[in-house]
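Asker: Take this structure first; my questions come after.
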Amino acid sequence: MEDKKIINYDIPIQTQKDCDEYNAMCQDMFQGNFTPILSTKKHIEILSTQMIEGIYDVIEEGGAYLGDGVKVKIEIEYDPENK
């Protein structure tokens with residue numbers, strides 16, 4: 001039984017405007033053969049979805065008995081670029 005799920009996710013700090021400009025430049029250079037970058041907001045949405053799905057995965061594995069619970073630990077840390 002998997003009663004624990006660990007989610008690791010690095011969120012880059014980048015605005016939608018910066019992403020749009022970068023993706024447009026790459027589109028011109030590589031004619032669509034590249035992976036577009038995503039904004040910070042989009043990465044947070046992806047992480048939120050993963051967290052919700054992870055909670056339900058653990059609940060399903062545990063059996064979802066009345067009175068049981070799910071412990072969630074969240075550690076958020078700023079990761080500065082090397083300057």
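The values are calculated or read from the model by the stated rules, or taken from the named source; none is laboratory data. All values reported here derive from a predicted model rather than from experimental measurement. Positions of Cβ are generated from backbone atoms using ideal geometry, with glycine treated the same way; all protein chains shown enter the neighbour counts.
Asker: What are the pairs, 6+ residues apart or on separate chains, where a residue within region 1-23 that is closer than 18 Å to Ile44 by Cβ has its Cβ under 8 Å from a residue that is in a loop (DSSP other than H, G, I, E, B) and among the acidic types (Asp, Glu)?
Answerer: That search, which allows pairs on different chains as well, returns Asp10/Asp79.
Asker: Report every pair of residues separated by at least 6 positions or lying on different chains whose Cβ atoms are under 7 Å apart, first residue within region 33-60 and closer than 11 Å to Cys19 by Cα, second in a loop (DSSP other than H, G, I, E, B).
Answerer: Ile37/Gln14; Ser39/Gln14; Ser39/Thr15; Thr40/Ile11; Thr40/Pro12; Thr40/Ile13; Thr40/Gln14
Asker: Before we move on, is Tyr9 exposed (fewer than 12 other Cβ atoms within 10 Å of the Cβ), modelled with pLDDT under 95 and among the hydroxyl-bearing types (Ser, Thr, Tyr)?
Answerer: Values: exposed (fewer than 12 other Cβ atoms within 10 Å of the Cβ): yes; modelled with pLDDT under 95: no; among the hydroxyl-bearing types (Ser, Thr, Tyr): yes.
Spelling it out, it is not the case that Tyr9 is exposed (fewer than 12 other Cβ atoms within 10 Å of the Cβ), modelled with pLDDT under 95 and among the hydroxyl-bearing types (Ser, Thr, Tyr).
Asker: Another question about this same structure. Filter region 30-51 down to the residues that are outside any loop (DSSP other than H, G, I, E, B), surrounded by 14 or more Cβ atoms within 10 Å (Cβ to Cβ) and either in contact with an Asp or Glu (Cβ under 8 Å, 6 or more places away or on another chain) or not polar (S, T, N, Q) (or both) and list them by number.
Answerer: Lys42, His43, Leu47, Met51
Asker: May I pose another question? Take Cys26 and decide whether it is surrounded by 12 or more Cβ atoms within 10 Å (Cβ to Cβ), free of Cβ contacts under 8 Å to residues at least 40 places away in the same chain and within 19 Å of the chain's Cα centre (by Cα). Reasoning before the result, please.
Answerer: Numbers: surrounded by 12 or more Cβ atoms within 10 Å (Cβ to Cβ): yes; free of Cβ contacts under 8 Å to residues at least 40 places away in the same chain: yes; within 19 Å of the chain's Cα centre (by Cα): no.
Considered against the rule, which asks whether it is surrounded by 12 or more Cβ atoms within 10 Å (Cβ to Cβ), free of Cβ contacts under 8 Å to residues at least 40 places away in the same chain and within 19 Å of the chain's Cα centre (by Cα), Cys26 comes out as no.
Asker: I'd like to verify a number: residues in region 62-72 that are at pLDDT 90 or above and either surrounded by 13 or more Cβ atoms within 10 Å (Cβ to Cβ) or within 14 Å of Ile7 (Cα to Cα) (or both), how many?
Answerer: Residues flagged as at pLDDT 90 or above and either surrounded by 13 or more Cβ atoms within 10 Å (Cβ to Cβ) or within 14 Å of Ile7 (Cα to Cα) (or both) within region 62-72 amount to 3.
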